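Peer 1: Here you go, one structure.
The values are calculated or read from the model by the stated rules, or taken from the named source; none is laboratory data. Keep in mind it's a predicted model, so treat the numbers as computed, not measured. Cβ: placed from backbone, ideal geometry, glycine included. Neighbour counts: every protein chain shown.
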Amino acid sequence: MEQLLTRIAALQTNPKANASELLAQLVDEIRPRRDNDFELARRTLQALCHILSTQPDLRAGLRQTLTTLNQTYRHNELYTSTGILPNTGFFAEALRRIGHSFLPDVLDPDLLRTVLRKVFHKPSDKHWVIGVGEEAWQQLIEALRFDEVPAEPDLPHAIAEILRSLRVISYWIAAFGMEPELLRLEPSLEAYESPFVTQNSELVAYIDAYPQSWRRPEAPIIDEKHLRVLHDQCREVIERVRKHAARDGTSIRLTYHLKRLQQLIRRSDQLLDILADLQDDPDGATAYPAIVRLFSRLVHDECQRNNLQQHWRQNVELIALRVTDNAGHQGEHYITETRQEYWSMARSAMIGGVIIACMACIKILLGKAEMPPLTGAITFCLNYGLGFCLIHILHGTVATKQPAMTANAIAASIGEAGGKLRNIDTLTDLIARTVRSQIVAILGNVCIAIPLAGLIAYIVLGVSGEHFVSPEKATHLYEEQSLIHSGAIFYAAIAGVCLFLAGLISGYYDNYAAYNRISERILQLGWPKRLFGEARMRRVATYVGDNLGSLAGNLFFGFLLGGATIFGVLFGLPIDIRHVAFSSAFLGIALVGLDFAPDIWLFAWAALGVAAIGCINLTVSFALALNVALRARQISEAQWQLIAGSLLRHLLRHPRDFFLPPKKTS
């Protein structure tokens with residue numbers, strides 16, 4: 001390390017030539033081999049501080065090199081671009097990050113941002129730079145003893161660069177704060193004075209006055225406190241827009257836009273912290289904490305500049321929350337509380353079982369038609385999709401659709417701030433009610449689908465004299481549902497993924513209907529009003545606005561189920577689906593096809609297979625939906641340890657709550 005410092009001290013004649021390379025080597029010496037070995041990095045920094053404090057010539061050389069780099073490179077892009085999303089949009093930025101991960105971009109060699117990238121060139125640097133703590137970096141700055149250098153009477157180059165960057169950031173905040181999407185959700189920005197615009201005029205006055213007061217005690221005191229108040233008002237507007245978006249829908253563009261505004265305001269505050277501290281103490285010691293905070297943030301953001309996962313997580317959070325909230329509102333209808341609601345769910349599931357039995361028989365008929373693969377796949381999709389939509393219209397229930405909805409309702413019951421639980425006992429009771437609601441829904445579907453599908457097959461046999469399915473086909477149906485069938489469980493998991501995707505699609509279209517005001521736009525059509533009457537059109541518009549997500553989710557779910565097989569055929573993949581409701585209906589059809597005398601072991605394995613298919617359907621869709629809902633709300637996994645203990649205690653003390661409806665109240 002001393003040899004490196006000696007070489008750095010020898011750069012006094014031309015420090016810009018090799019300074020960045022030597023500084024990168026110095027950082028390589030500090031960097032620990034393991035990213036999380038913060039103690040080793042901290043000790044290395046302390047050793048560097050000791051060398052600098054005991055050897056004035058090495059200290060002066062490193063200090064002069066840093067000062068020269070600070071004065072000869074342009075700072076603007078480092079402050080206005082690093083860690084701040086560009087104005088190109090979410091997908092353009094995602095594509096840029098993918099491209100630059102494979103083929104790095106070329107930066108201007110005169111930028112300070114380029115030096116920072118060369119010095120901290122490993123993505124893992126973001127961990128140890130922050131992990132060593134701000135105090136270690138402050139000790140390094142103090143060890144450089146900038147107070148040994150005579151103070152400059154004029155405004156330093158670095159301060160002028162900060163002022164120029166602040167001006168650019170302020171203009172961006174004012175412009176982006178008046179975007180049409182923000183004005184639509186927050187009309188007060190037009191009706192009254194916008195804090196986004198006001199902060200610009202205030203900050204421009206502050207920037208113009210700052211150089212005049214540098215090292216001049218007699219100059220008028222300039223104060224940044226009013227700017228802080230305006231920035232807080234800007235944040236309040238952003239939060240109000242978020243709340244309105246939760247009610248009226250949001251978009252990826254709006255989410256991206258709000259995130260960029262937040263980043264710009266935070267960067268403006270970070271630069272103001274440095275300027276305010278330097279105004280109180282021009283020699284700089286007071287500003288060291290603010291400088292270290294900005295330095296750590298810049299290194300962290302530069303190391304993440306091409307991180308696609310971080311970009312996705314950062315911007316999709318609000319969209320995911322909105323989508324899962326919509327699914328959660330739907331899920332509340334699938335969770336029963338009273339005895340009356342429990343039996344109402346059973347009746348609703350029976351309606352679903354009736355239609356599923358008919359859909360299963362139609363699928364058998366479509367299979368006999370021997371259509372071309374693509375035509376057959378489309379008809380299967382329409383059979384599933386339109387059938388599920390009919391179930392929804394008739395207020396029926398498909399049991400396997402519940403987990404993707406109820407998982408979001410459970411996640412929504414967890415505290416919104418920091419993922420803290422509002423009430424563990426209440427949440428435990430909610431999960432117990434969810435379990436018994438799903439059990440009765442499955443029983444309602446299966447107990448109707450099996451006998452009704454068998455009855456339809458028996459009626460066909462009685463009317464036509466021919467079996468609805470041949471004995472060979474009936475045996476094949478049993479084998480497909482069998483627990484020992486090689487692919488039944490895997491295919492059930494694929495159906496669970498389809499159920500999860502259908503839940504997300506449902507939430508997305510509910511958000512779409514709210515954001516785009518679909519019901520209001522339908523009422524703008526003139527000819528349907530004249531044809532059907534205004535009152536009837538209002539009912540139609542209200543129904544579409546309230547149920548677009550559910551209808552779209554059911555239709556897409558049908559297409560996912562119907563298209564899975566053809567997808568596997570096209571790509572030569574072993575892909576199929578097993579859905580518990582249809583598998584149970586096939587049991588009834590095959591039982592008639594074998595004249596009510598199947599092989600006992602074949603029937604037993606098929607029955608066990610149907611039970612396993614149902615469990616896999618529910619488990620996969622519930623786990624995926626719950627994971628997305630929890631991530632959208634930033635809920636830590638540690639909270640589930642408390643929930644697991646509470647659930648176990650509740651199951652041991654009140655097992656009835658998980659299986660049977662509550663007792664009648666006196």
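Peer 1: Evaluate the following for Arg96: is it at pLDDT 85 or above and in a helix (DSSP H, G or I)?
Peer 2: no
Peer 1: Looking at the structure I just gave you, is Asp208 more than 26 Å from the chain's Cα centre (by Cα) and in a loop (DSSP other than H, G, I, E, B)?
Peer 2: It is false that Asp208 is more than 26 Å from the chain's Cα centre (by Cα) and in a loop (DSSP other than H, G, I, E, B).
Peer 1: While we're on this one: Consider Ala9 carefully, then state whether it is outside any loop (DSSP other than H, G, I, E, B), touching a residue at least 12 places away in the same chain (Cβ under 8 Å) and under 40 Å from the mean Cα position of the chain (by Cα).
Peer 2: no
Peer 1: Mind checking which residues of region 542-588 are modelled with pLDDT of 90 or more and in contact with a Pro (Cβ under 8 Å, 6 or more places away or on another chain)?
Peer 2: Matches in region 542-588: Gly588 only.
Peer 1: Looking at Phe596, Phe571, Phe556, Phe532, can you tell me which residue is loosely packed, with under 15 Cβ neighbours inside 10 Å, in the same structural domain as Gln481 (by TED's automatic domain parsing) and under 29 Å from Asp248 (Cβ atoms)?
Peer 2: Of the residues listed, the single one that is loosely packed, with under 15 Cβ neighbours inside 10 Å, in the same structural domain as Gln481 (by TED's automatic domain parsing) and under 29 Å from Asp248 (Cβ atoms) is Phe532.
Peer 1: Follow-up question, since we're still on this one. Having 1 or more residues that are over 30 Å from Met371 (Cα atoms), without any contact (Cβ under 8 Å) to a residue 60 or more places away in the chain and not aliphatic (A, V, I, L, M) is the bar; report the helices (runs of 4 or more DSSP H) wholly within region 527-625 that clear it.
Peer 2: Counting at least 1 such residues, we get 527-532, 534-571.
Peer 1: Can I ask one more? Taking the residues in region 435-471 that are of a type in the set (Ser, Thr, Tyr) and exposed (fewer than 15 other Cβ atoms within 10 Å of the Cβ) as candidates, determine which candidate is nearest to Glu337 (Cα to Cα).
Peer 2: Here the residue is Ser470.
Peer 1: Can you name the residue in region 52-80 that is touching a strand residue (DSSP E or B) at 6+ places or on another chain (Cβ under 7 Å) and not in a helix (DSSP H, G or I) and is also surrounded by the most Cβ atoms within 10 Å (Cβ to Cβ) among such residues?
Peer 2: This residue is Tyr73.
Peer 1: Scanning region 135-159 for residues that are surrounded by 15 or more Cβ atoms within 10 Å (Cβ to Cβ) and under 35 Å from the mean Cα position of the chain (by Cα), which turns out nearest to Glu39 (Cα to Cα)?
Peer 2: Ala136
Peer 1: Filtering region 267-315 down to residues that are touching a residue at least 24 places away in the same chain (Cβ under 8 Å) and among the small types (Gly, Ala, Ser), which residue is surrounded by the fewest Cβ atoms within 10 Å (Cβ to Cβ)?
Peer 2: The selected residue is Ala285.
Peer 1: Check Gly177 against each of (1) over 30 Å from His157 (Cα atoms); (2) surrounded by fewer than 21 Cβ atoms within 10 Å (Cβ to Cβ); (3) at pLDDT 85 or above and name the one condition it does not meet.
Peer 2: Checking Gly177 against (1) over 30 Å from His157 (Cα atoms); (2) surrounded by fewer than 21 Cβ atoms within 10 Å (Cβ to Cβ); (3) at pLDDT 85 or above, the one that fails is (2).
Peer 1: Checking the condition in contact with a Pro (Cβ under 9 Å, 6 or more places away or on another chain) and in a helix (DSSP H, G or I), which residue from Gln233, Gln199 passes?
Peer 2: Gln233
Peer 1: Right, something else. All but one of (1) in contact with a Ser or Thr (Cβ under 9 Å, 6 or more places away or on another chain); (2) modelled with pLDDT of 80 or more hold for Ile643, so report the exception by its number.
Peer 2: Going through the list (1) in contact with a Ser or Thr (Cβ under 9 Å, 6 or more places away or on another chain); (2) modelled with pLDDT of 80 or more, Ile643 breaks only (2).
Peer 1: Arg97 passes all but one of (1) farther than 25 Å from Arg266 by Cβ; (2) buried (at least 17 other Cβ atoms within 10 Å of the Cβ); (3) of a type outside the set (A, V, I, L, M, F, W, C); which number fails?
Peer 2: Here Arg97 clears every test but (1).
Peer 1: Given Leu144, Leu183, Leu166, which one is free of Cβ contacts under 8 Å to residues at least 12 places away in the same chain and either touching a helix residue (DSSP H, G or I) at 6+ places or on another chain (Cβ under 7 Å) or of a type in the set (Ser, Thr, Tyr) (or both)?
Peer 2: On inspection, the qualifying residue turns out to be Leu183.
Peer 1: Just checking, does region 158-173 include any residue being under 26 Å from Gly83 (Cα atoms) and assigned to a loop (DSSP other than H, G, I, E, B)?
Peer 2: Checking region 158-173: not a single residue is under 26 Å from Gly83 (Cα atoms) and assigned to a loop (DSSP other than H, G, I, E, B).
Peer 1: While we're looking at this one, here's another question. I'd like to know if region 499-508 contains one or more residues that are under 24 Å from Ala606 (Cα atoms) and within 32 Å of the chain's Cα centre (by Cα).
Peer 2: Within region 499-508, one or more residues are under 24 Å from Ala606 (Cα atoms) and within 32 Å of the chain's Cα centre (by Cα).
Peer 1: Just wondering, is there one or more residues in region 572-587 that are of a type in the set (S, T, N, Q) and within 22 Å of Ile505 (Cβ to Cβ)?
Peer 2: No, there is no match, as no residue in region 572-587 is of a type in the set (S, T, N, Q) and within 22 Å of Ile505 (Cβ to Cβ).
Peer 1: Please count how many residues of region 584-619 are hydroxyl-bearing (Ser, Thr, Tyr) and within 34 Å of the chain's Cα centre (by Cα).
Peer 2: Matching residues across region 584-619 total 1.
Peer 1: Let me ask something else about it. Only one residue in Ile431, Ile459, Ile450, Ile393 is at pLDDT below 90 and either in the same structural domain as Ser584 (by TED's automatic domain parsing) or aromatic (Phe, Trp, Tyr) (or both). Which one?
Peer 2: Being at pLDDT below 90 and either in the same structural domain as Ser584 (by TED's automatic domain parsing) or aromatic (Phe, Trp, Tyr) (or both) holds for just one of Ile431, Ile459, Ile450, Ile393, which is Ile431.
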